[in-house]
Amino acid sequence: MMAKELFPEAQELRKGRIRIETTKDKVTEIVKKLKENGYEHFVMLSCVDWIKDGKFELVYHMWSYEYREHVMISIKVDRDGDSMVTLRDLFPQIETYEREIHEMFGVNFVGNPRLGEFILEGWPHMPPMRKDFDTEKFVNEIYYKIPEVKEE
Amino acid sequence: MKPIVKEYELFIGPNHPGATGNMSYHIWVEGDKVKKAETRVGYLHRGFEKLMEKRIWMQNVPLVCRICVPEPDVNEAAYSMAVEDLMGWEIPERAKYIRTIILEMARLSAHLLTVGGIAASLGIYTAAQWGVGDRDYLLDVFEQITGARVYHIYIWPGGVRWDVPKNTKELLTKVLDYLEKRMPLYEDLIIKNKVFIRRAADVGVIPKDKAIKWGVTGPNLRSAGYQLDFRKLEPYAAYDKIDFEVPYYPKLGEYEVLSEGSDIYTRTAIRMLEMQQSINIIRQALKDMPEGDVLLKHPQWFAWKVPAGYSYVRVESSKGEFGYFVVSDGGKKPVRVHVRGPSYTHGINVMETIAKGLNVADFAPTAISLDVCPPDIER
Amino acid sequence: MGGSVTKPFHALVHLVRKPHTVKIPYEKHTDMLGTELPTERYRGYHVNDIEACIGCGFCGRICMNAAITYVEIPELKGVTKGLPKRPVVDYGRCCFCGLCTDVCPTKSLKLVPKYNYVDEDKNTFKVIASPLLKKNDGVKISRDYLVFSIDDLHEKLGDYIDEIIRKKEEEKKKKAAEKAKAKKENAKEEDKSKQEKS
Amino acid sequence: MTLNHDDWGKVARMMSKRSLWMVHFCTGCGAMEMPPVMTSRYDMERFGMHAMATPRQADVFLVTGYLAVKTLKRVVQVYEQMRDPKYVIGFGSCTINGGMYWDSYNTIKDLSKYIPVDVYIAGCMPRPEAIIDSFLKLMDMIDKGEAIGWKKYHKYYDQYKRNQRMAYSYRLDEVEDIKEDDAK
């Protein structure tokens with residue numbers, strides 16, 4: 001069944017692009033249902049920082065080769081200290097996306113054993129992809145301040 | 001006599017000729033068999049997605065092509081298509097054909113590099129020399145069309161940057177003729193070579209029933225036995241007007257079917273067939289290309305606002321599905337640009353899984369045959 | 001794998017193949033049709049025509065690498081149109097995308113197909129885009145033609161600015177003469193028409 | 001006729017400039033223009049240059065483009081494993097002043113703060129012609145005895161190490177030496 005039939009609340013952005021807004025606790029169920037109904041390609045998991053609302057938006061992208069349809073399941077979590085359940089049992093590659101989002105945004109995924117250092121190494125500051133992290137200021141304060149090697 | 005060391009750890013990369021670019025694998029080996037593998041990435045992390053959030057829409061165009069170095073054009077195309085999707089633009093017909101030509105040339109050059117690389121990782125260095133050498137003729141064409149050898153910055157939101165020069169057809173036809181003439185030589189050297197077959201057949205297999213579930217895309221998926229290609233499923237550029245076939249296992253054309261599904265041999269064979277298909281596509285596009293404009297009129301760059309919305313656009317690259325998830329809030333700058341690189345799944349999850357049970361000597365060829373490109377993993 | 005006995009000897013063909021190595025720097029790089037590369041379109045180093053440049057600052061604004069800064073050239077005040085500031089390009093930042101040339105309203109900033117720039121001192125990569133465009137036909141980018149510092153610029157610009165002033169004055173005179181001529185003719189015509197009327 | 005120390009140095013330099021071996025370490029995107037230079041189209045073996053897998057047998061280190069901090073650790077280790085005399089070529093704009101990634105939080109901006117650089121090539125990316133030009137320039141410098149980056153590294157070792165540690169910690173204060181397994 002197509003996503004629109006399964007979830008009548010789904011909104012069609014354009015042909016072949018469906019967006020479902022839902023809440024945190026329903027995601028596992030929806031992803032599972034879609035997986036069983038032909039949406040077998042998990043495209044990616046991405047995270048958008050809506051700093052004004054104080055929320056992170058997690059977007060689960062799924063694609064059906066059969067219906068040629070792309071579904072975005074979007075949920076909102078709090079920016080600080082909120083966590084999400086891992087979906088790595090449904091699709092193994094979600095694990096990697098969760099690792100990245102944990103490192104770059106600081107969202108915690110309960111049940112994922114590989115969270116931790118992934119891309120960065122020894123990063124002491126706040127997760128860099130958050131909107132309140134000013135990369136230009138950071139660069140000016142660190143890299144351009146490192147002294148030149150003085151020759152006598 | 002008992003061996004003194006039975007189990008050991010091995011680090012492949014980042015400074016290792018068998019590593020695919022600047023990334024590394026940490027493997028645990030027992031005797032000669034890999035027990036466990038872990039991919040270590042992050043050596044190329046530049047924080048592109050962060051940088052894109054603080055630049056205006058047009059300034060991001062030179063940035064995106066740096067995400068995949070061997071095939072930069074797919075990024076430009078995907079980003080442009082995402083912006084066009086949000087803006088509701090329909091690009092001129094000629095621009096569509098030019099995009100097709102450019103994207104196929106990029107695919108051709110990336111495949112030449114990969115096929116040469118796979119062969120080189122199995123000791124056939126001549127193929128690598130040939131692959132890189134022949135790719136250079138394509139780069140010469142790129143340079144004349146776009147103005148740069150590697151980072152073309154040619155495909156723009158609204159079309160292509162400028163029209164192709166007059167001699168393109170003549171030049172490109174000559175290069176394609178040359179490449180077509182070379183293909184049998186590559187076949188003799190790689191795919192029909194008994195040494196290669198012995199090393200490549202049934203090594204590093206992606207099981208057919210797992211391929212889609214693991215998120216495998218592109219030639220790797222087709223080599224597992226699915227005829228799935230986003231050029232056909234969601235046609236972009238001018239692909240819907242061009243007649244071409246998508247090669248997939250077990251229809252390997254003149255190549256023998258020697259193994260069951262996606263191993264190094266089939267992945268190489270699919271890439272060889274795709275190259276021939278690309279030559280065919282470019283020929284058609286050159287023939288059918290209409291006259292006319294190539295670029296829509298842009299709004300003033302500094303004040304350009306893109307309507308709010310979500311857009312996901314995908315392009316079939318030489319490595320698999322390249323997707324751009326672009327979120328706009330109606331402002332001058334994007335809120336979020338998230339790139340889905342094909343190597344993300346191939347390089348980490350798939351590689352870590354299929355590496356189990358490989359011989360150490362087969363590890364590097366397997367990694368290279370998955371066509372992992374590290375910059376699109378970490379961006 | 002149709003193996004034939006002669007197959008191994010096919011490799012001998014490569015003995016008589018023309019080598020495709022481009023013997024740089026002793027040989028010129030050409031494509032398959034024999035066109036010399038890089039062609040006109042190649043995006044190499046910047047060249048700015050300071051007579052046409054109006055110092056609007058668009059190139060610095062579009063540059064996402066903050067590679068373009070500006071330098072004040074007081075000599076240019078009143079000599080050329082617009083503001084007397086001209087772009088300085090930092091090749092430690094530039095990515096040769098060419099957006100700066102696309103936004104340039106006067107099209108005075110150009111990228112030329114020259115690319116060899118090798119130096120041991122990292123401080124020499126900040127360059128005032130060559131002001132010597134018109135003086136030397138066939139722009140050559142090498143250290144001799146690039147201007148590095150502001151002092152250097154004044155030194156190299158000296159004659160050049162005199163030339164611009166001379167040209168401008170000539171133009172002015174020309175224009176004045178033309179105007180005078182036109183006036184005279186007008187007057188003559190008026191006279192004629194008056195005579196005819198009368 | 002007897003040759004003194006300086007003359008022998010000259011002879012040694014003359015010979016070593018004709019057989020420069022290069023570390024095969026693709027550190028950044030600039031590595032994409034290395035295959036054409038290494039293989040038959042531009043063929044750097046014409047100049048006696050050859051890619052070497054291990055740093056211990058190599059003389060030249062091409063830092064191809066930007067360096068993420070994580071890579072910098074490996075680069076420094078590779079550089080320290082090379083034997084003297086050793087030369088570094090900074091490849092592309094990123095090594096000079098940050099290049100495209102001037103405001104990225106994870107790339108170092110100025111390579112010469114961390115390891116001494118002998119020759120820079122501008123460009124993003126530089127054409128193979130420019131790369132070969134840089135090799136010729138390096139050979140010229142070696143011949144004249146001007147490529148002395150490796151001597152500088154010995155002399156100002158403390159300063160280089162201090163800067164490296166600052167970058168590793170993403171702070172301006174220095175940290176203890178990196179742990180053994182981090183450097184792998």
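Only the coordinates and a few stated rules stand behind these numbers; no lab work does. All values derive from a computational prediction rather than experimental measurement. Note that each Cβ is placed from the backbone with ideal geometry, even for glycine, and that neighbours are counted across all protein chains shown.
See the values below:
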{"quantity": "Cα→Cβ-extended label distance, 7 Å offset, between D:M15 and B:T173, nm", "calculated": "5.7 nm"}
{"quantity": "Length gained when the stretch C:V5-C:N123 is fully extended (0.36 nm per residue, less Cα-Cα span)", "calculated": "36.2 nm"}
{"quantity": "Out-of-range pairs (alpha-carbon distance over 23 Å; input A:K32/B:K356; A:K52/B:K333; C:K114/D:K137; C:K81/C:K174; C:K122/D:K109)", "calculated": "A:K32/B:K356"}
{"quantity": "Between helix A:94-104 and chain A: long-axis angle, C-alpha atoms, 0 to 90°, nearest 10", "calculated": "40 degrees"}
{"quantity": "Loop trypsin sites (Lys or Arg not before Pro), the range B:109-183 (other Cβ atoms within 10 Å of the site Cβ: 13 or fewer; DSSP)", "calculated": "B:K166"}
{"quantity": "Efficiency of FRET from Cβ geometry, A:E21 and C:K77, R₀ 60 Å, rounded to 0.05", "calculated": "0.50"}
{"quantity": "Chain B: DSSP helices with Cα axial extent of at least 27 Å and average Kyte-Doolittle hydropathy no lower than -1.0", "calculated": "B:93-121, B:125-146, B:264-288"}
{"quantity": "Cross-link reach list, lysines versus D:K144, counting only Cα pairs under 16 Å and skipping chain neighbours closer than eight places", "calculated": "D:K10, D:K17, D:K86"}
{"quantity": "Calculated [θ] (222 nm, deg cm²/dmol) that DSSP helices of n ≥ 4 give over the protein assembly as shown, each run adding -39,500 (n - 2.57)", "calculated": "-10500 deg cm²/dmol"}
{"quantity": "Residue order, fewest to most beta carbons within 10 Å, for A:R99, B:R198", "calculated": "B:R198, A:R99"}
{"quantity": "14 Å reach of a label modelled at A:L90, 7 Å along Cα-to-Cβ, counting backbone N of the range A:17-31", "calculated": "A:20-31"}
{"quantity": "Using a Förster distance of 45 Å, the FRET efficiency for B:F244-A:N37 (Cβ separation, nearest 0.05)", "calculated": "0.90"}
{"quantity": "Longest segment of chain B lacking GluC sites (Glu not before Pro) that sit in a DSSP loop with at most 16 other Cβ atoms within 10 Å", "calculated": "B:91-244"}
{"quantity": "Cβ-based exposure ranking for B:F196, B:F244, C:F96, in which fewest neighbours within 10 Å come first", "calculated": "B:F244, B:F196, C:F96"}
{"quantity": "FRET efficiency estimate (nearest 0.05) - Cβ-Cβ, C:T39 to D:W8, R0 51 angstrom", "calculated": "0.55"}
{"quantity": "Low-density loop cleavage sites - trypsin sites (Lys or Arg not before Pro) in the range B:15-119, where at most 16 other Cβ are within 10 Å (DSSP)", "calculated": "B:K54"}
{"quantity": "Greater than 30 Å apart at Cα, pairs in B:K213/B:K287; C:K85/C:K167; A:K145/D:K151", "calculated": "B:K213/B:K287"}
{"quantity": "Inter-probe distance in nm under a simple model that places probes 7 Å from Cα toward Cβ, at B:E260 and C:K172", "calculated": "9.1 nm"}
